Each structure stands twice: as structure tokens, then as C-alpha cells.
Protein chains: 2
Amino acid sequence: MTKVGHSPLIAIHAGAGALTVKLTEHEAEIRTVLGEVLGSGRRLLEQGADAVDVVKAAVVIMEDYELFNAGRGSALCSDGSAQMSASVMRGSDRAAGGVAGVMHTKNPVLAAGAVLDSYQVLMIGEHAEEFARSQGAEQRPNDYFITARQQGNLSRHVEQYPAGTVGTVCVDASGTLAAATSTGGITGQPPGRVGDSPLIGAGNWADGRVAVSCTGDGELFIRAGVARTIAALVEQGSSLRDAADRALAEVTEFGGTGGLIVCGADGSVALPFTTEAMPRGVWSAGGEPQVWVTEAT
Amino acid sequence: MTKVGHSPLIAIHAGAGALTVKLTEHEAEIRTVLGEVLGSGRRLLEQGADAVDVVKAAVVIMEDYELFNAGRGSALCSDGSAQMSASVMRGSDRAAGGVAGVMHTKNPVLAAGAVLDSYQVLMIGEHAEEFARSQGAEQRPNDYFITARQQGNLSRHVEQYPAGTVGTVCVDASGTLAAATSTGGITGQPPGRVGDSPLIGAGNWADGRVAVSCTGDGELFIRAGVARTIAALVEQGSSLRDAADRALAEVTEFGGTGGLIVCGADGSVALPFTTEAMPRGVWSAGGEPQVWVTEAT
């Protein structure tokens, strides 16, 4: 049988973190949601959808799910507001879009997608939001994003982690790679603080070889330049796993933790993390969706 | 004679651009200003100042100089406002700070320096500015930054380039590297647009081997991940010049132009650009400051 086109693949994560009681409590539900996201991605990929549409669609589902720290259910800033960031990148031409500090766009990843479709690469604050709205992105009052669970986290000054930042990487049937990442940031963060998720090369990256989406101590992922470093190491001949481990080792050296998902144009994938848990999953052509939470991959 | 400590070095740029009549008109003045910035950096380095203080001080002078597109004299957004971005990074521990979308902080590089001294790495908009003010950074009405020259550029929808984004890289006597970059962005840019200058790994980077400051088509520098790519290539054994040329070649592939300055812990330096001009200069221990505008280095 002649192989036509590439073998599509999608991998997702819902944030690296500690093995908390809350995670154990919600683990079955989280596995179900991740399975649904992979199933939806699989259908789109089997229909021939392009990589950018697939990663956006997957992140939209995760943004809408309240237990993940992105879109509705985002972590709250010290002033009680939800300020969100997201990014999308396409590997074939390295078109990229990111937004930071959005407070009204229902799905921040779609605002990032609108930026990807423009000349700009990063837009911030109310102007990012005006632009997203002008491109058809649904808007909500900031209250829409704020859940009682996250208000509890803020008032107790703790993260009751069941899941965090979300992200997706994908290879479509044409062989194009894409990556998308979306986050509400850190509970109690100063308003105006931006982490690695919207930053191309820090928390998100796609080129002709790899697509990467990160989660963890955002400031340290920026200082390590995690996503771009992985791409550079793979370009130099490293395996995905070795490149990812080296980049995460820099975060560890800085005293931080986190994880990432990375897939290659050849269908390889690595899902490493240095925390106790990282809800994540993979579907690749010819197989069934697989989901993990605390187990090593 | 035993060599004590490292040989300090400072390199600066005032943006890559076209050889315009305005540049020719102001060339002598620009050379004088660059010479003064290098002289000031030299004095600080000879007094044993640390690398971060040196790059901040050099950028402050260039931000205050009206002909450079940073601080006072910044390019104006489509709505007539000045929105500025800056970043600073220290190589020894990779502490980093960036601000984007600031409109009142007299010297955006000092706001970035305040972020470097905090846990955060990137702060945006009014909250970045409140933070900078709380750390003692002088504030000005937005009008302070707006010059008749830049209003003319905006109304004519052209950049009358005599000089652009500014940046500095440095090795201090202890061998620590640092980089700082500051910009007003692009004439007529949408408010809320952010380029590569405040983004660690895109327009600015410092680690134990190299310090990099970029200028040019910001969106394309982000998509190429220029600064972090150079660091990764040097780590793999490339010379500064080869690494810089490869990273700039990616920007060229995307249809863009620009330049950068990079110095190594060993005292090497490269100042490549793909435009007609890039005002720039270098001083290293034991020598005299040298300044170039259109000449190759």
C-alpha cells in the first residue's frame, strides 16, 4: 500500500503540577475531557483539517472547561481579575500570533489565531481584544471567566491544582506542524504579569521539524528560552526527548518545574515533565487516543 | 603581567534602516552621540560597574536622545500615542526583565530593569508602569515622548529614518555579560502591537557565552527567534559572526531586514546588518571607542 501524505498526530496537555487531593478527586473527569479533546482532534485531522485549525479547536474545548487554567476557570490576579494569554504558531511558514493580558475574549486562543492571520505577532491588553473582536472573536464580561474555585484559590493564596495551562501540538495530513498554548497565569499574580505561554520561542513554537507547547514556571521558561532551544537542538540532530530533557534541565537549574509536549514532522512525540503530574494525551493515525495523568509516558 | 579579571567591552546600536537623506543630514550628530554613549560606558566599566548597570545607563542616554526611536522621540502608533517597550538581561544568572506598552515611564529600560530585579520577567501596559513607578522610575505625560519629527512621520505615513531601536551589549570586568534593548516600535503601528525588543530570546538575550541586542522587522525577528538562536548556535560551537549571519538569514528568508550586535565572553564582537545603515559602535579595554554608520564593520 502506498502511503499518501503524512500520518496525522495530535498531542495535548493540561498543565504540569503537583499530585493534589483535588487532582485525584477530578482525575476521572479530566481523563474523560482529554479523551474528548483527542477524539475531536482526530475527527478534524481525518477530515483533512489543517494543523492550525486543529490546535485552535482543541484549545477552545480546554479553555471552555472550567477545571483547566485557561479561558473560563483561569487563575485570578491579585486584584481578583482574570487576565489571560495565548499563542498559536504554524510550522510551515512560521506564521505566529500571541495575545497577552486579555480579559474579555471568550477564547483567547482565537484572539491569538486572529493575530496569526495578521501581520502582527504579539498584541497586548485592550487593543488586542478590540482587534480580536473586530475579527469576530466572541466577548464576555470578565466575570464569565471567574469561577468560585479560582476565587477560593486566590483567597487561600494557594493553587489547588487539578490542572493548569493547556496546550496542543499537531501534525496534519499535509505534514504541517502547529502548536497552541493558553493560560490564565498564576493565582495571585500581579495584574500585567505575562508568562511564557503567549511568547513565541518561550512557551510555544512550531517550525518545519517540531511543534512545542510548554507549561510550568513561566518566568523560568522564558529565561531558558525552552521552546526555541528544543527546536535548535533538534535542528542540530538531537532526538525530541533529549532536546526536551536538556531544555527542562535548564528550568530545573533555575529552581523551577514544568513540562511540555513536543511532536516531530516524522510522527515522533515526547511528553516530559518534572512535576508529579501532567494530564496529557496523544492520538496518532492508526491508533486510539491515549491519556495519562501521573504515569510516566 | 598577570591579567586580572576580564577585558570589559561595550557595543551599541541605534537601529538598522535605509540610507535616507535624513540620516546623511544627521550623521555627524549621531556619530557624536554614539561616541558619548561609548565614552560613558567606558568610564563606568573602568570604574568596575556591573554589566546590567552599564547597559541600562547606555540605553538611558539613547532613550533621552530625540533622534533615536526609543523613549523621547519614539515612533508613534496609528492613534498618535507613543507606546514603548524595553528589556534587559544579565548573562550570569539569566535574570531578565521586559516591559511592553508603556506610555509614561521616562526611561522604559529602567522599567525593564525594575522587572529584572523582581520575580517577574515580562510586565505589560499600565500595570508595568505602576510597578516601575513604585520602584522609583520617573514618569512623564505621554506628550513628553511625542516629537514634531515623529508626528511628521506619522502624518506622512513614512519612516524618515535617521536611526531606530537602540540597544547595548556589554562584558564587565568580572566577565558578566548583559544586553538591553529599547524601542518605540513602528510608525503607524496598531496600539497594543509588541515587537521583538521586550521579548527575551527574540530581540534580546544574555547568557554565560553571549549577549545580543536586535533591531529590524520585529515580527520576523520573533518568528525567527533570532537572539536565542544565536546563543544556541554559539553553544554548539559557531563563531558569533556565523551564528548571527545564520539567524539574520532566516529573517531575510521571511522577507525582512535588520541587524544586531552580539558580544562574547571572550571579548569577540559582531555587528551585522542587512540594511543600508546601522549606526553602531564598540569600545573594548585598551582601545578607543569606534563608531560606524553605513560602513561595514
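Residue by residue through region A:204-222, note down the ones that are touching a Phe, Trp or Tyr at 6+ places or on another chain (Cβ under 6 Å) and at the interface with chain B (Cβ under 9 Å from one of its Cβ atoms).
Across region A:204-222, the qualifying residue is only A:Leu220.
Can you name the number of the only condition in (1) facing chain A (nearest Cβ under 7 Å); (2) over 15 Å from B:Gly201 (Cβ atoms) that B:Leu122 fails?
Single failed check for B:Leu122: (2).
Which of the residues spanning region A:41-74 are modelled with pLDDT of 95 or more, assigned to a loop (DSSP other than H, G, I, E, B), under 15 Å from the mean Cα position of the chain (by Cα) and among the hydrophobic types (A, V, I, L, M, F, W, C)?
If the condition is that a residue be modelled with pLDDT of 95 or more, assigned to a loop (DSSP other than H, G, I, E, B), under 15 Å from the mean Cα position of the chain (by Cα) and among the hydrophobic types (A, V, I, L, M, F, W, C), then A:Phe68, A:Ala70 are the ones that fit.
Anything in region B:223-239 that is within 9 Å of chain A (Cβ to nearest Cβ) and either within 19 Å of A:Ser238 (Cα to Cα) or surrounded by fewer than 22 Cβ atoms within 10 Å (Cβ to Cβ) (or both)? List them, or say none.
Hits for region B:223-239 are B:Gly225, B:Arg228, B:Thr229, B:Ala231, B:Ala232, B:Leu233, B:Glu235, B:Gln236.
Exactly one condition in (1) touching a strand residue (DSSP E or B) at 6+ places or on another chain (Cβ under 6 Å); (2) surrounded by fewer than 17 Cβ atoms within 10 Å (Cβ to Cβ) is false for A:Gly91; which is it?
(2)
Among the residues of region A:246-290, what is the count of those that are outside any loop (DSSP other than H, G, I, E, B), within 25 Å of A:Gly185 (Cβ to Cβ) and either touching a helix residue (DSSP H, G or I) at 6+ places or on another chain (Cβ under 7 Å) or not aromatic (Phe, Trp, Tyr) (or both)?
Going residue by residue through region A:246-290, those that are outside any loop (DSSP other than H, G, I, E, B) are A:246-253, A:258-264, A:269-270, A:273, A:277, A:280-284, A:290.
After this cut, where a residue has to be within 25 Å of A:Gly185 (Cβ to Cβ) as well, the list is A:247-253, A:258-262, A:273, A:277, A:280-281.
Still in the running and either touching a helix residue (DSSP H, G or I) at 6+ places or on another chain (Cβ under 7 Å) or not aromatic (Phe, Trp, Tyr) (or both): A:247-253, A:258-262, A:277, A:280-281.
Residues that pass the stated criteria total 15.
Restricting attention to region A:112-135, does a residue exist that is farther than 28 Å from B:Gly125 by Cβ, of a type in the set (A, V, I, L, M) and in contact with a strand residue (DSSP E or B) (Cβ under 6 Å, 6 or more places away or on another chain)?
Looking through region A:112-135, none of the residues is farther than 28 Å from B:Gly125 by Cβ, of a type in the set (A, V, I, L, M) and in contact with a strand residue (DSSP E or B) (Cβ under 6 Å, 6 or more places away or on another chain).
With A:Ala173, A:Ala180, A:Ala163, A:Ala137 as the choices, which residue is in contact with a Pro (Cβ under 7 Å, 6 or more places away or on another chain) and modelled with pLDDT of 95 or more?
A:Ala173
Just to be sure I understand, how many residues within region A:96-109 are at the interface with another protein chain (Cβ under 8 Å from one of its Cβ atoms) and open to solvent by 10 Å² or more (accessible area, probe 1.4 Å)?
Final tally of qualifying residues: 1.
It is to be established whether one or more residues within region B:135-151 are hydroxyl-bearing (Ser, Thr, Tyr) and either within 14 Å of another protein chain (Cβ to nearest Cβ) or touching a Cys at 6+ places or on another chain (Cβ under 9 Å) (or both).
The first filter runs over region B:135-151 and keeps only residues hydroxyl-bearing (Ser, Thr, Tyr), leaving B:144, B:147.
Now narrow it down to the ones that are either within 14 Å of another protein chain (Cβ to nearest Cβ) or touching a Cys at 6+ places or on another chain (Cβ under 9 Å) (or both): none.
No, the conditions are met nowhere in region B:135-151.
Sort out which residues of region A:189-203 are surrounded by fewer than 24 Cβ atoms within 10 Å (Cβ to Cβ) and either modelled with pLDDT under 95 or within 7 Å of chain B (Cβ to nearest Cβ) (or both), and write them in order of number.
Within region A:189-203, A:Pro190, A:Pro191 qualify.
Take the residues of region B:72-88 that are within 12 Å of chain A (Cβ to nearest Cβ) and over 22 Å from A:Met84 (Cα atoms): which is surrounded by the most Cβ atoms within 10 Å (Cβ to Cβ)?
Checking each candidate, the answer is B:Cys77.
Restricting the search to region A:7-25, which residues are more than 16 Å from the chain's Cα centre (by Cα) and at pLDDT 95 or above? Working first, answer last.
Taking region A:7-25 first, the residues more than 16 Å from the chain's Cα centre (by Cα) are A:7-8, A:18-25.
Selection gives A:Pro8 alone.
Read through the list (1) more than 19 Å from A:Thr275 (Cα to Cα); (2) within 13 Å of chain B (Cβ to nearest Cβ), then give the number of the only condition that A:Ala178 fails.
Answer for A:Ala178: the failing condition is (2).
Looking only at region B:283-297, count how many residues are buried (at least 22 other Cβ atoms within 10 Å of the Cβ) and of a type in the set (A, V, I, L, M).
1
Using the structure shown, decide if A:Gly216 is crowded, with 24+ Cβ neighbours inside 10 Å and either closer than 20 Å to A:Leu271 by Cβ or modelled with pLDDT of 95 or more (or both).
Here the answer is yes, as A:Gly216 does meet what is asked.
Within region B:135-155, which residues are open to solvent by less than 50 Å² (accessible area, probe 1.4 Å) and of a type in the set (Gly, Ala, Ser)?
Correct list: B:Ala137, B:Gly152.
Quick test for you: out of B:Glu129, B:Glu138, pick the one residue that is farther than 20 Å from B:Met89 by Cα and charged (D, E, K, R).
On inspection, the qualifying residue turns out to be B:Glu138.
Yes/no per residue for (1) without any contact (Cβ under 8 Å) to a residue 60 or more places away in the chain; (2) under 23 Å from A:Trp205 (Cβ atoms); (3) among the polar types (S, T, N, Q):
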{"site": "B:Ser197", "(1), (2), (3)": "no, yes, yes"}
{"site": "B:Gly216", "(1), (2), (3)": "no, yes, no"}
{"site": "B:Val226", "(1), (2), (3)": "yes, yes, no"}
{"site": "B:Thr294", "(1), (2), (3)": "no, no, yes"}
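Give just the number: which of (1) in contact with a helix residue (DSSP H, G or I) (Cβ under 9 Å, 6 or more places away or on another chain); (2) under 30 Å from A:Leu45 (Cβ atoms) does A:Pro190 not satisfy?
Failing condition for A:Pro190: (2).
Spot the failing condition for A:Val291; the list is (1) touching a Lys or Arg at 6+ places or on another chain (Cβ under 6 Å); (2) within 14 Å of chain B (Cβ to nearest Cβ); (3) not small (Gly, Ala, Ser), and only one is missed.
Failing condition for A:Val291: (2).
Based on this model, can you work out whether A:Asp242 counts as more than 10 Å from chain B (Cβ to nearest Cβ) and either within 12 Å of the chain's Cα centre (by Cα) or open to solvent by 10 Å² or more (accessible area, probe 1.4 Å) (or both)?
In short, yes.
Exactly one condition in (1) touching a residue at least 40 places away in the same chain (Cβ under 8 Å); (2) of a type outside the set (Ser, Thr, Tyr); (3) outside any loop (DSSP other than H, G, I, E, B) is false for B:Arg94; which is it?
For B:Arg94, the failing item is (3).
Would you be able to say whether some residue in region B:17-37 is open to solvent by less than 20 Å² (accessible area, probe 1.4 Å) and within 14 Å of chain A (Cβ to nearest Cβ)? If you could, list the steps in order and put the result at the bottom.
Looking only at region B:17-37, we keep the residues that are open to solvent by less than 20 Å² (accessible area, probe 1.4 Å), and these are B:17, B:23, B:30, B:33-34, B:37.
With within 14 Å of chain A (Cβ to nearest Cβ) added as a condition, the list becomes none.
Checked against the condition, which is being open to solvent by less than 20 Å² (accessible area, probe 1.4 Å) and within 14 Å of chain A (Cβ to nearest Cβ), region B:17-37 yields no hits at all.
Residues to consider are A:Ala132, A:Ala163, A:Ala128, A:Ala112; find the one that is assigned to a loop (DSSP other than H, G, I, E, B) and surrounded by 16 or more Cβ atoms within 10 Å (Cβ to Cβ). Walk me through how you get there before you give the answer.
Working: A:Ala132 fails: assigned to a loop (DSSP other than H, G, I, E, B); A:Ala128 fails: assigned to a loop (DSSP other than H, G, I, E, B); A:Ala112 fails: assigned to a loop (DSSP other than H, G, I, E, B).
Exactly one of A:Ala132, A:Ala163, A:Ala128, A:Ala112 is assigned to a loop (DSSP other than H, G, I, E, B) and surrounded by 16 or more Cβ atoms within 10 Å (Cβ to Cβ), namely A:Ala163.
The values are calculated or read from the model by the stated rules, or taken from the named source; none is laboratory data. Just so it is clear, the structure is predicted and the values come from calculations on it, not from any experiment. Cβ sites come from the backbone with ideal geometry, for glycine too, and all protein chains shown count toward neighbours. We work out accessible area using only protein heavy atoms, side chains counted, and drop any ligands, DNA or RNA first. Shrake-Rupley method; radii C 1.70, N 1.55, O 1.52, S 1.80 Å.
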